[in-house]
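Working notes, structure below.
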Amino acid sequence: MKKESAKGLWKASNKMEFSANLTISEMLAPYNKPIENCYECGVEVPTLPCKRSKEIDLLLSALFLKRSLTDLRAIWLLLLQGYTSQAGSIAAATFENALMSSCIAGDLGRAEKLSKSETGESPWKVVDLCKIMAKQSEIEAKIINKPYSQANFEIEWMELYGSYKWLCKIKHPTIPSTLHDAFAASVKSEEYVVMAVPDLRPDDLPNKFTILSITISRIHAAIRNFAFSCELNYEDDRVQKWLQGFNSIIPASIEAYKSLGDLQLPFTIENSQLSKKFQA
């Protein structure tokens, strides 16, 4: 390519992405097992021996679970190519789809409400779905006689919604995220090129890891609620084997994130209204 022309850069992207994949696959290696287990457990759960399978709540929940699993694959591929923010943008949608799957499974009332929506759109805002998830935690805590106060409820839904807001900081046009992206294509200090370039920078790795951790967490919760609502046959050998893989997902994801060491996120939601409310 001549300096005064961009001719050939589109085709050159293929070579850059192939090279990026080789490098980033090693960087993301700690997540290989948890993301593989998350995907495969999600695919298998509707096929396991159970008491419930054809009710409307499960049929609708399965639709959103499928979308979430497809998103998971797309997120992984984009991260391997070095397109972190594009993966994060999909992850924001995955967050919503996984929440919807979680909140519908086991609740015929919500399933009916969604099925009767004239537009087919969610009757609930994301913040409402986060509160529904926190309420589920409260109900489960009562069942096992575990303390769960109003403060616990507020903290849980705000932490959950905070993860979503961080993804939205990537998805929407915000200066912190866009400025961070720009210097993936930097040739000199304080200069960048207006073009698509895979982000191989070590200081972008916390973004990649956080996107994966949030996505795995939400899909894991969706699979869990789906499995619980199906009333699985826990005496079945196949279900027991599935449980072993499923129960390993979150611990493995946590350990993967710890491998970041001292690397910090390049931007957070510390200045948001939600963060100020949480601190209050």
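Taking every residue in the stretch 242-253 that is farther than 14 Å from ARG224 by Cβ and pairing it with any residue that is of a type in the set (D, E, K, R), at least 6 positions away or on another chain, the pairs with Cβ-Cβ distances below 9 Å are ALA252/LYS33. No other residue among LYS165, LYS169 is of a type in the set (Lys, Arg), part of a helix (DSSP H, G or I) and touching a Leu at 6+ places or on another chain (Cβ under 7 Å) apart from LYS165. On inspection, SER53 does not qualify as surrounded by 22 or more Cβ atoms within 10 Å (Cβ to Cβ) and of a type in the set (Ser, Thr, Tyr). Considering the stretch 206-246, the residues that are under 16 Å from the mean Cα position of the chain (by Cα) and of a type in the set (A, V, I, L, M) include one that is nearest to GLY42 (Cα to Cα), namely ILE223. The residue of the stretch 180-220 that is farthest from MET100 (Cα to Cα), among those that are of a type in the set (Ser, Thr, Tyr) and surrounded by fewer than 22 Cβ atoms within 10 Å (Cβ to Cβ), is SER189. As a summary of the residue check, PHE267 satisfies the conditions (1) in contact with a helix residue (DSSP H, G or I) (Cβ under 9 Å, 6 or more places away or on another chain); (2) open to solvent by 30 Å² or more (accessible area, probe 1.4 Å); (3) modelled with pLDDT under 95 except for the one numbered (2).
With respect to LYS15, is the statement that it is open to solvent by 70 Å² or more (accessible area, probe 1.4 Å) and without any contact (Cβ under 8 Å) to a residue 24 or more places away in the chain true?
Answer is yes for this residue.
Residues in the stretch 135-161 that are of a type in the set (A, V, I, L, M, F, W, C) and either surrounded by 11 or more Cβ atoms within 10 Å (Cβ to Cβ) or assigned to a helix (DSSP H, G or I) (or both): ILE139, ALA141, ILE143, ALA151, PHE153, ILE155, TRP157, MET158, LEU160.
Looking at the stretch 76-89, which of its residues are among the hydroxyl-bearing types (Ser, Thr, Tyr) and either buried (at least 22 other Cβ atoms within 10 Å of the Cβ) or not in a helix (DSSP H, G or I) (or both)?
Initial filter on the stretch 76-89 (among the hydroxyl-bearing types (Ser, Thr, Tyr)): 83-85, 89.
TYR83, THR84 - these are the residues of the stretch 76-89 that are among the hydroxyl-bearing types (Ser, Thr, Tyr) and either buried (at least 22 other Cβ atoms within 10 Å of the Cβ) or not in a helix (DSSP H, G or I) (or both).
Can you pull out every residue in the stretch 196-233 that is in a helix (DSSP H, G or I) and among the charged types (D, E, K, R)? Spell out the reasoning first.
From the stretch 196-233, those in a helix (DSSP H, G or I) are 202-230; that's our starting set.
Residues satisfying the conditions are ASP203, ASP204, LYS208, ARG218, ARG224.
Here LYS125 fits the description: open to solvent by 60 Å² or more (accessible area, probe 1.4 Å) and either closer than 30 Å to ASP181 by Cα or in contact (Cβ under 8 Å) with a residue 60 or more places away in the chain (or both). For the stretch 90-120, filtered to residues that are without any contact (Cβ under 8 Å) to a residue 40 or more places away in the chain and assigned to a loop (DSSP other than H, G, I, E, B), the residue that is surrounded by the most Cβ atoms within 10 Å (Cβ to Cβ) is SER117.
Test ALA12 against the criterion of being assigned to a helix (DSSP H, G or I) and more than 22 Å from the chain's Cα centre (by Cα), and give yes or no. Please lay out each step first, then the result.
Details: assigned to a helix (DSSP H, G or I): yes; more than 22 Å from the chain's Cα centre (by Cα): yes.
Spelling it out, ALA12 is indeed assigned to a helix (DSSP H, G or I) and more than 22 Å from the chain's Cα centre (by Cα).
Please verify whether GLY261 is open to solvent by less than 90 Å² (accessible area, probe 1.4 Å) and on the phi > 0 side of the Ramachandran plot, treating the condition exactly as stated. Yes, satisfied.
Yes/no matrix, rows are residues, columns are (1) at pLDDT 95 or above; (2) closer than 30 Å to LEU77 by Cβ:
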| position | (1), (2) |
| --- | --- |
| PRO147 | no, no |
| MET158 | yes, no |
| SER163 | yes, yes |
| LYS169 | yes, yes |
| LEU179 | no, yes |
| VAL187 | no, yes |
| GLU190 | no, no |
| ASN207 | yes, yes |
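Does ARG73 meet the test of being open to solvent by 50 Å² or more (accessible area, probe 1.4 Å) and under 30 Å from PHE267 (Cα atoms)?
Details: open to solvent by 50 Å² or more (accessible area, probe 1.4 Å): yes; under 30 Å from PHE267 (Cα atoms): yes.
Yes: the conditions hold for ARG73.
The values are calculated or read from the model by the stated rules, or taken from the named source; none is laboratory data. What you see is a predicted model, and the numbers here were worked out from it, not measured in a lab. Glycine gets a Cβ as well: all are built from the backbone with ideal geometry, and neighbour counts include every protein chain shown. Side chains included, ligands, DNA and RNA excluded: accessible areas come from the protein's heavy atoms. Shrake-Rupley method; radii C 1.70, N 1.55, O 1.52, S 1.80 Å.
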